[in-house]
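Report on one structure; see the data block that follows.
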Amino acid sequence: MKYLIILGDGMADEPIESLGNKTILQAANIPTMDKLAAMGRNGRLITVPEGFHPGSEIANLEVLGYDVNKVFEGRGSLEAASMGVPIESGEMAMRCNIICIENEKIKNHSAGHISNEEAYQLIDFLNEKLGSDKVRFFPGISYRHLLKIKGGDKRVSCTPPHDVPGTPFCDVMVKADCPEAQPTADLLNDLILRSQELLSKHPVNLKRMAEGKDPANSIWPWSAGYKPNMKTLLETYGLKSGAVISAVDLIKGIGVYAGLKPIEVEGATGLYDTNYEGKTQAAIDALKKNDFVYLHIEASDEAGHEGDVSLKLKTVEFLENRVVKPIFEEVLKWDEPVAIAVLPDHPTPCRIRTHIAAPVPFLIYKPGVEPDAVQKYDEESAKEGSYGTLTGEEFMKALLA
Ligand SMILES: [Zn+2]
């Protein structure tokens, strides 16, 4: 048996008035997903343990059977894996945004979604001026970069910059959680202040300002952690090999620590215009070569963040028509059976335009396994599923058992 998880990021939702009080999944035309639910067994999965914020990194780690209490080491270390930057023991990794500050206040977390090309010049410059044996910046994508500090202490409180637009930056600088972490907090705050002085005069920013664009005039490090201590899925479940397909660095990074090979797909954007056909073909090819594939599609989450009901409906139907249906039709022709699971990582309700920590509906279709009574794939139907409500590694065990 081979195993495929198709994850529609954020696709679970609440009943929506304009849809006759149906959820997106209930209103969408998704006959293949319904068929898989009817031929398979269903349930709900708690993907965000108590005390954690419902971030995609948390929820995807839990879907893959990891206990985030034990393995979560911040975004930086996960994104580092996707960027090919190893975190050694004794090193601390942090997500490092380059942000726009105006009149001493955080204007935005993205420096106006600065281009990669401009960002690379700034990161190079920061390494030249602020880099040392201890401090190193690594370029990522747009405003999302990586800061690695040798000997850093992760017991520091940092503020995600997207949470505090309009706030004076001085009010949300790094604080030590214990006296031992004070030198790390001092170092980070010093780097922030020195970056502001250096970046404000850099030609890239002078040009951006002349063009009326937001300058990237400060670094903003957050989400500190060490190298995650994760056993691979291959070790845990005795799989021979696996692959991950996603446009999102965080998910690819989780995949790398999980022992999955990240597969790059041209035109995978993470938006509704993503190259669905390319990702579908990549998943089919990866399933031929591996016995486990994690296929992550971001688009429905983005539509939820935009609060756009008809767009979100469209992304779920794209997932049906351009991913689930062609993959199912293909694998039916194969000699080796393929188990397929479909689920989101968390709901991203259009009404509130952000993630929530409610249980998500899942289906597991395994050829040869007797189905339960559920006939459709959606939030309500899944409550009647024979798996009930699962937590932690129970979902992966149910799929791979
Ligand atoms: Zn997500």
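The values are calculated or read from the model by the stated rules, or taken from the named source; none is laboratory data. What you see is a predicted model; the values in this text were computed from it and never measured. Don't worry about glycine lacking a Cβ; one is built from the backbone with ideal geometry, like all the others, and counts go over all protein chains shown.
Please determine, by comparing only the residues of the stretch 57-108 that are within 16 Å of the ligand (Cβ to nearest atom) and of a type in the set (Asp, Glu), which one is farthest from the chain's Cα centre (by Cα). Top of the filtered list is GLU62. Filtered by the rule that a residue be of a type in the set (D, E, K, R) and buried (at least 19 other Cβ atoms within 10 Å of the Cβ), the stretch 139-189 gives ARG144, LYS148, ASP153, LYS154. Each residue in the stretch 32-76 was checked for being under 21 Å from MET94 (Cβ atoms), of a type in the set (D, E, K, R) and not in a loop (DSSP other than H, G, I, E, B), and 3 pass.
Selection over the stretch 206-227 of residues that are touching a residue at least 40 places away in the same chain (Cβ under 8 Å) and closer than 14 Å to ILE114 by Cβ gives a count of 9.
The requirement of being within 16 Å of the ligand (Cβ to nearest atom), at pLDDT below 95 and surrounded by 22 or more Cβ atoms within 10 Å (Cβ to Cβ) is fulfilled somewhere in the stretch 46-56, by at least one residue. Residues in the stretch 375-395: is at least one surrounded by fewer than 21 Cβ atoms within 10 Å (Cβ to Cβ) and of a type in the set (Val, Ile, Thr)? Yes - at least one qualifying residue is present in the stretch 375-395. Checking each residue in the stretch 1-31 for being of a type in the set (A, V, I, L, M, F, W, C) and in a loop (DSSP other than H, G, I, E, B) picks out MET1, MET11, ALA12, ALA28, ILE30. Within the stretch 280-307, residues that are closer than 10 Å to CYS350 by Cα and outside any helix (DSSP H, G or I) have Cβ atoms under 8 Å from residues that are modelled with pLDDT of 95 or more and away from the ligand (no atom under 16 Å from the Cβ) in these pairs: GLY307/ARG351, counting only partners at least 6 apart in sequence or on another chain. For the stretch 99-139, give me each residue that is closer than 17 Å to LYS201 by Cα, part of a loop (DSSP other than H, G, I, E, B) and acidic (Asp, Glu). Across the stretch 99-139, the qualifying residue is only GLU104.
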